[in-house]
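Some notes on the structure that comes next.
The values are calculated or read from the model by the stated rules, or taken from the named source; none is laboratory data. Since the model is a prediction, treat every value here as computed from it, not as a measurement. Here Cβ is always computed from backbone atoms with ideal geometry, including for glycine, and neighbour counts include all displayed protein chains. Ligands, DNA and RNA are stripped out before the accessible areas are found, and what is left, the full protein with its side chains, is counted by its heavy atoms. Shrake-Rupley method; radii C 1.70, N 1.55, O 1.52, S 1.80 Å.
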Amino acid sequence: MTATIARWSALEEAMSEAWIIDAVRTPRGIGKLGKGALAEIHPQQLGSTVLRALAERNKIDTADVDDVIWGTSSQVGPQGRDLGRMSALDAGYSVKSSGVTLDRFCGSGITAVNFAASTVMSGMSDLVVAGGCEMMSGKGRPPPTPGTPWASPVFDSGNMRLRESHPQTQQGICADAIATIEGIERQALDELALESQRRAAIAIDEGRFSKSLVPVYHEDGALALDREEYPRPQTTMEGLSALKPAFEQMADIAVDSTGVTYRGLVLKKYPDVDLKFVHHAGNSSGVVDGSAAILLASPEYAKSHGLKPRARVVAMANQGDCPTLMLNAPVPAIKKVLAKAGLTLDDIDLIEINEAFAVVVEKAIRDLGLDREKVNVNGGAIALGHPIGATGSMLIGTMVDELERRGLRRGLVTMCAGGGMAPAIIVERMD
């Protein structure tokens, strides 16, 4: 018993804070072959861009990096075979620095940072890089199987037992289902989308992203992209109002040979829902390519190697919710991470909620009574785009930048994820 107590005491003494030393990201390129500036770049090379920049900016010995924890949702084709490890090797990291790639759908980027912080806080790691990459254009994804709907459900439709217990449909239809159930009108969603474009335009014009943004180059050294490619600052309410709903026709497409439709999957769980279609290209997240990386260290390592911390991780949480509606977990995730931190919303200065669809943010604002002036202050994925596995790490880096710019203290970041989940993190600026 005495030996056990001694071991636990030693473990508690080893537990530490996790400090965020730096954060970098690429610009987001339009995720379409032939149109996007990043679409022809290999995902490993896009990932290595941010990993190399992080190492060079902070003059770290990459042999000291205990792990590269990477988020990538579509781990197939060029994005398969442990993209984090391959990107680190392509970036010139020491072979001693290992790498792992994880998938929590859209939540992969936050989860990568949370896992990295956890290993540092446990005392098992001293220096970890977390981040992610997603090529939404064809370079990072294989062509769809002939005869398969372009936007399949999150789950494998071959598992009929799972489909019966937890029917899961396409994400946009989930967004429309939530808006229908909650009685959220299209005008409110379009207003949120317009504000996202307005805020993003201001942030870009004022250079608010410049601290973390790193350019991407082609193999021959020619510049590929050094600015955000997706935003549409010319957007108007009139223009948004004219857009046709994106998911109305899809709703009645058969998912497979059984004849069940996307609408039918929702009705299996919510038979009384009369779907209203309110989401479209203008109030949904943009399809883009991008990558991001964050450097985390223990206080002991940072101090002994002259690394100045920018923020510390206060608390982390994961939350599940209804898989059929899929996108509702951010609200309970916010409540959970606040409880873990022993804080209230009054203690949080800024909040980032990924704009996968406008209803996700609008519902969170209404449910929690959030101050709109604190939420997504530099715009979000509606204006900037959503490179699935990278977005969470991008949002955390943006949060640290904005806390510093405004001289504020704490920020909370969360996002919905496939399967009805949401990771969350609270960070605190350090002087």
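Observations on the structure shown:
- Ordering of 406-415, 102-111, 314-323, 212-221 by burial proxy (mean other Cβ atoms within 10 Å per residue, highest first): 102-111, 406-415, 314-323, 212-221
- The chain: most fluctuating residue of Glu228, Glu238, Glu185 per GNM, C-alpha cutoff 10 Å: Glu238
- Shape class of the stretch 8-111 from the alpha-carbon gyration tensor: prolate, with a/c at 1.5 or above and a/b greater than b/c.
- Computed lengthening from Asp61 to Lys303, 0.36 nm per intervening residue step minus Cα-Cα distance: 85.6 nm
- For the chain, size of Cβ-based charge dipole, Lys and Arg +1, Asp and Glu -1, in debye: 200 debye
- Measuring against 29 Å, Cα to Cα, the residue pairs Lys35/Lys363; Lys269/Lys374; Lys32/Lys335; Lys59/Lys374; Lys32/Lys336; Lys340/Lys363 contain Lys35/Lys363; Lys269/Lys374; Lys32/Lys335; Lys59/Lys374; Lys32/Lys336 as the ones spanning a longer distance.
- Partners for Lys244 among aspartates and glutamates (Cα-Cα distance below 13 Å; same-chain residues under 8 apart left out): Asp190
- Translational D in µm²/s for the chain (Stokes-Einstein at 10 °C, 1.306 mPa s, Kirkwood Rh from C-alpha pairs): 73 µm²/s
- Working note: 222 nm ellipticity from helices only, DSSP H runs with n ≥ 4, each -39,500 (n - 2.57), summed and divided by the residues of the chain, gives -11000 deg cm²/dmol to the nearest 500.
- Annotation note: trypsin sites (Lys or Arg not before Pro) in the stretch 198-257 located in DSSP loop regions with a Cβ neighbour count of at most 15 within 10 Å are Arg227.
- Extreme residue, positive dipole direction of the chain, given options Ser210, His279, Pro233 (C-beta unit charges): His279
- Toward the positive end of the charge dipole of the chain, with +1 on the Cβ of Lys and Arg and -1 on the Cβ of Asp and Glu, the farthest Cα among Val413, Leu370, Ile348 is that of Val413.
- Mean-square fluctuations from a GNM of the chain, with a 10 angstrom spring cutoff on Cα atoms, peak among Gly80, Gly183, Gly420 at Gly183.
- With Cα atoms, 0 to 90° folded angle of helix 43-58 axis to the chain main axis: 40 degrees
- Beta bridges assigned by DSSP with both partners in the chain are antiparallel in approximately 70 percent of cases.
- For the stretch 160-274: accessible area per residue (Å², 1.4 Å): 54 Å²
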